[in-house]
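The values are calculated or read from the model by the stated rules, or taken from the named source; none is laboratory data. If you're wondering where the values come from, they're calculated on a predicted model, not measured in any experiment. Don't worry about glycine lacking a Cβ; one is built from the backbone with ideal geometry, like all the others, and counts go over all protein chains shown.
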Amino acid sequence: MATITIQDVSRRTGLSEPTLRYYEDVGLVGPIDRDERSGHRRYRDEDLHVIEALACLRSAGVGIEDMRAYLANRARGREAAAEQRDLLLHHAERVEAEIAAQRARLAYLREKAALWDARDRGDTAAEAEVTRRLVDVVDRLRMLG
């Protein structure tokens, strides 16, 4: 029996109520049962399992169309295992690229701070060394676009 309210689902998954309604509107979940008297949504355990998977995909940066593909592959089971693997690995590669970009940005900020630290101390040798390292870091940032 559908007894889980939209508020409960929102709290359990971290997805906002408008997002839950949107996912229903675009066909990712549902249709969701309604309370006959109030018309309020009442989620079943099966709905919650799907929504929890969507919440994880969303937090990993997966878009709606790939969520749709994920759910379709999930429903097909083992027959779609290779497609599911490829879909997830594609997003893993995207996340790896984002991590590399963030690491390059972090390196830049740390090297710039080290440069200003050397200047603050009046250490020209340290400033020259940091400047040499900065050239490599700036080149990595340029390659990122």
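Details
- Total residues in region 8-34, condition of a type in the set (Gly, Ala, Ser) and free of Cβ contacts under 8 Å to residues at least 24 places away in the same chain: 3
- Of the residues screened, residue 122 is not one that is at pLDDT below 95 and on the phi > 0 side of the Ramachandran plot.
- Any pair with Cβ under 9 angstrom, 6 or more apart, that starts in region 107-133 at a residue that is in contact (Cβ under 8 Å) with a residue 40 or more places away in the chain and basic (Lys, Arg) and ends at one that is exposed (fewer than 13 other Cβ atoms within 10 Å of the Cβ) and in a helix (DSSP H, G or I): none
- Sub-8 Å Cβ pairs linking a first residue in region 49-63 that is more than 16 Å from residue 18 (Cα to Cα) to a second residue that is surrounded by 15 or more Cβ atoms within 10 Å (Cβ to Cβ) and among the hydroxyl-bearing types (Ser, Thr, Tyr), at least 6 apart or interchain, are 53/70; 57/70; 62/70, ordered by first then second residue.
- Flag for residue 62 being touching a His at 6+ places or on another chain (Cβ under 9 Å) and of a type in the set (A, V, I, L, M): yes
- Members of region 125-145 that are of a type in the set (Ser, Thr, Tyr) and on the phi > 0 side of the Ramachandran plot: none
- Selection of region 113-145 for residues being farther than 21 Å from residue 98 by Cα, part of a helix (DSSP H, G or I) and not aliphatic (A, V, I, L, M) yields 116, 117, 119, 120, 121, 124, 127, 129, 131, 132, 133.
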